[in-house]
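Okay, structure first, notes after.
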Amino acid sequence: MNYQHSALLLVDIQPDFMPGGALAVEGGDEIVEPVRHLMNSNLFGLLVATQDWHPPGHISFASSHTARKPFETTELYDYPQTLWPDHCVQGSAGAQLHPGLPWDKVAAIIRKGMDPQCDSYSGFRNNWNINGERPPTGLAGYLRERGISEVYVCGLARDICVRWTAEDAVDAGFQVHFLWDITRSVNPNDDQALRQALINRGVILTNQATVSARSRNY
Ligand code: VGL
Ligand code: ZN
């Protein structure tokens, strides 16, 4: 691990993904304390956050489709699309970055999911749009320009936005470490398959304590 060349990516740590939130992830609140510990460490050259930030009536909301319920699957531009409860609506309390974390330390906040007609799970690229393209957010270039070659991902949800961010980071050429214990899944039943899928993609699974135990080498 080269600290200067490592970035910590904090994915969608927002009240709507916490217990009691609009798209609650079980145990989502349990990551806050260990994430704070990492944010306050000197282990990373750069911290970057993503923030799910949908306009009202977003196409990923079940409420935007006739006679569809949250967590059903539909097809959108030839790809499967899960229909979600309304969540992370721009400007709402549930869409804020979690108030218990030191966001003043992040160099950039990537807002995503702003295209009303297309979802965006990854911090690097939108999901497929009507033209069958996945437009980049600019995050890969932003990190490269700052000398980042390794990324450490954490946040919510493990099986959705953290996963897509990790896989796109691999495709963008970064060495990717997945901080498994500071993520939580929407569908924890699929966690074993997810671990294997990530390994197969070249993602390195690790955890917060392992990373924190490394002393910074100047
Ligand atoms: C997410 C579903 C919809 C996530 C965001 O942050 O994992 N999941 N929007
Ligand atoms: Zn969303």
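Results, tabulated for the structure shown:
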| quantity | calculated |
| --- | --- |
| Inter-site label distance for L205 and N131 at 7 Å from Cα along Cβ, in nm | 3.8 nm |
| Per-residue Cβ neighbour rank within 10 angstrom, fewest leading, H65, H5, H87 | H65, H5, H87 |
| Separation of alpha-carbon centers, region 31-69 and region 153-204, rounded to whole Å | 14 Å |
| The chain: most fluctuating residue of A49, A62, A169 per GNM, C-alpha cutoff 10 Å | A62 |
| Nonlocal amide H pairs with T183, under 5 Å, H built at 1.01 Å | G155 |
| Region 105-199: C-alpha gyration tensor shape, a/c 1.5 cut-off, then a/b vs b/c | oblate |
| Cα-based Rg and Dmax for region 51-116, where Dmax is the largest Cα-Cα distance (Å) | 14.0, 43 |
| Max mean-square fluctuation residue, GNM over the chain, Cα-Cα springs under 10 Å, options G155, G113, G100 | G100 |
| Rg to Rh, two decimals, where region 90-129 supplies the alpha carbon set and Rh follows Kirkwood | 1.02 |
| Region 94-161: C-alpha gyration tensor shape, a/c 1.5 cut-off, then a/b vs b/c | oblate |
| Efficiency of FRET between E26 and E145 - r from beta-carbon atoms, R0 41 angstrom, step 0.05 | 0.65 |
| Cubic angstrom per residue, convex hull over Cα atoms of the chain | 116 Å³ |
| Contact order relative to length of the chain, as percent, for alpha carbon pairs under 8 angstrom and 6 or more apart | 24 percent |
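No value in this document is a laboratory result; all are computed from the given coordinates. Because the structure is a prediction, the values reported are computed rather than measured. Cβ atoms come from the backbone with ideal geometry, glycine included; neighbour counts cover every protein chain shown.
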